[in-house]
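Engineer: Attaching a single structure in structure tokens format; questions to follow.
The values are calculated or read from the model by the stated rules, or taken from the named source; none is laboratory data. Just so you know, these numbers come straight off a predicted model, no measurement behind them. Glycine gets a Cβ as well: all are built from the backbone with ideal geometry, and neighbour counts include every protein chain shown. Ligands, DNA and RNA are excluded from the accessible area calculation, which covers all protein heavy atoms including side chains. Shrake-Rupley method; radii C 1.70, N 1.55, O 1.52, S 1.80 Å.
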Amino acid sequence: MKGHLVIMDQLAGRGAAARLVDGRLIDLIFDPSDGTLSPGAIYRAKATRAMKGQGGLVVDLGQGGRGYLRGAKGIKEGATLLVQVGTYAEQGKAAPVMTKLVFKGRNAIITPDNPGINVARSIRDANVADGLREIAHEVIGQAAHSFGVILRSAAATNPKEQIIEELTNLAALAETVTSDLSGPPELLLDAPLAADVVWCEWGDPVPDEVIEETGSFDHLGILDQIDAAQGPKVMLAGGGSMMIEPTTALIAVDVNTGPDMSLAAGLKANIAAAKDLPRILRIKGLGGQIVIDFAPVPKKDRRVIEQALRAALKACPVDTALVGWTPLGHFELQRKRERQPLNEVLE
């Protein structure tokens with residue numbers, strides 16, 4: 001299978017989407033599971049308990065759901081507020097939530113609490129950027145509330161009519177949700193489905209083909225790649241490997257050189273691991289604190305490894321912060337938990 005393909009199918013009773021480049025699985029997403037507090041969902045919440053000394057607040061999301069809001073200064077217990085789930089919760093903890101809501105589309109993002117019209121930095125043509133600002137002002141300026149707008153990179157090449165329609169629908173949705181403050185805690189807007197994410201996030205670069213067919217995961221060999229991703233061992237180009245093992249506190253990654261015993265083996269394995277790690281973390285749905293035990297190399301080679309990792313993460317849609325090297329020679333990352341772990345999805 002040559003080219004860039006997006007495949008829509010069902011897996012484990014849920015809608016799923018896979019992204020392939022030349023037959024290799026590079027991304028995998030699922031519909032949110034029932035009863036899970038999933039990133040993107042918006043709730044009418046009730047402030048229940050201040051976490052003294054932490055500057056945070058526990059909020060009731062209804063149906064037994066709990067959220068944790070950082071920086072909750074000025075919000076009194078018992079207050080009603082709108083919150084959006086930011087990431088999946090760690091086991092046994094409240095889901096991280098935020099009061100700054102965002103409504104995402106393919107061409108634009110509506111930001112109710114952040115007025116102003118902004119254009120993606122990737123749109124460098126001043127004439128195109130000015131034209132997009134005019135479109136946004138035309139649509140949003142007529143809204144009852146002056147919402148903020150971010151014009152995304154896709155807007156530079158999509159038809160004006162499509163952008164206007166999307167902005168109009170997003171503004172109407174934001175207006176409906178943000179005005180619904182009366183009542184008990186409850187879900188107001190579901191987290192996006194896999195099909196929504198494909199539409200909003202997987203359009204750049206434009207796929208060569210989008211296949212929506214039941215059973216396509218099987219006959220295109222995607223199930224085999226998913227099965228392989230469930231195990232801890234990942235084979236690397238050049239014969240090395242890495243073991244990726246989630247623990248309660250962190251994700252441990254151990255890079256091995258394999259049968260190659262040459263002086264350059266460690267550096268080659270580490271670069272291969274750095275290049276492939278973002279892909280495999282996406283497929284596995286892993287986030288949080290990640291500690292990488294790279295194969296032993298001289299300290300002078302660390303910069304090359306870090307550069308390879310930075311370059312690989314540039315193309316990754318999941319927010320990841322490079323923390324750096326530890327005194328023991330490990331490398332630490334902090335990655336947003338915006339996906340449910342693959343093993344949980346397939347249980």
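Engineer: Report the residue count in the range 75-131 for those that are over 30 Å from LYS46 (Cβ atoms), in contact with an Asp or Glu (Cβ under 8 Å, 6 or more places away or on another chain) and not small (Gly, Ala, Ser).
Structural biologist: Qualifying residue count, the range 75-131: 2.
Engineer: When the residues of the range 33-46 are narrowed to those that are out of contact with any Phe, Trp or Tyr (no Cβ under 9 Å at 6 or more places or on another chain) and modelled with pLDDT under 95, which ends up nearest to GLN10 (Cα to Cα)?
Structural biologist: Residue satisfying both the conditions and the ranking: SER33.
Engineer: Continuing with this model, one more query. Restricting to the range 213-244, name every residue that is under 17 Å from LEU25 (Cβ atoms) and open to solvent by less than 20 Å² (accessible area, probe 1.4 Å).
Structural biologist: Of everything in the range 213-244, those that are under 17 Å from LEU25 (Cβ atoms) and open to solvent by less than 20 Å² (accessible area, probe 1.4 Å) turn out to be SER216, PHE217, ILE222, ILE226, ALA229, VAL234, LEU236, MET242, ILE244.
Engineer: Restricting attention to the range 198-208, report how many residues are of a type outside the set (Phe, Trp, Tyr) and open to solvent by less than 40 Å² (accessible area, probe 1.4 Å).
Structural biologist: Residues flagged as of a type outside the set (Phe, Trp, Tyr) and open to solvent by less than 40 Å² (accessible area, probe 1.4 Å) within the range 198-208 amount to 4.
Engineer: Considering only the range 50-77, how many residues are among the small types (Gly, Ala, Ser) and outside any loop (DSSP other than H, G, I, E, B)?
Structural biologist: 5
Engineer: For the range 5-20, indicate whether the set of residues that are modelled with pLDDT of 95 or more, crowded, with 18+ Cβ neighbours inside 10 Å and out of contact with any helix residue (DSSP H, G or I) (no Cβ under 9 Å at 6 or more places or on another chain) is non-empty.
Structural biologist: Looking through the range 5-20, at least one residue is modelled with pLDDT of 95 or more, crowded, with 18+ Cβ neighbours inside 10 Å and out of contact with any helix residue (DSSP H, G or I) (no Cβ under 9 Å at 6 or more places or on another chain).
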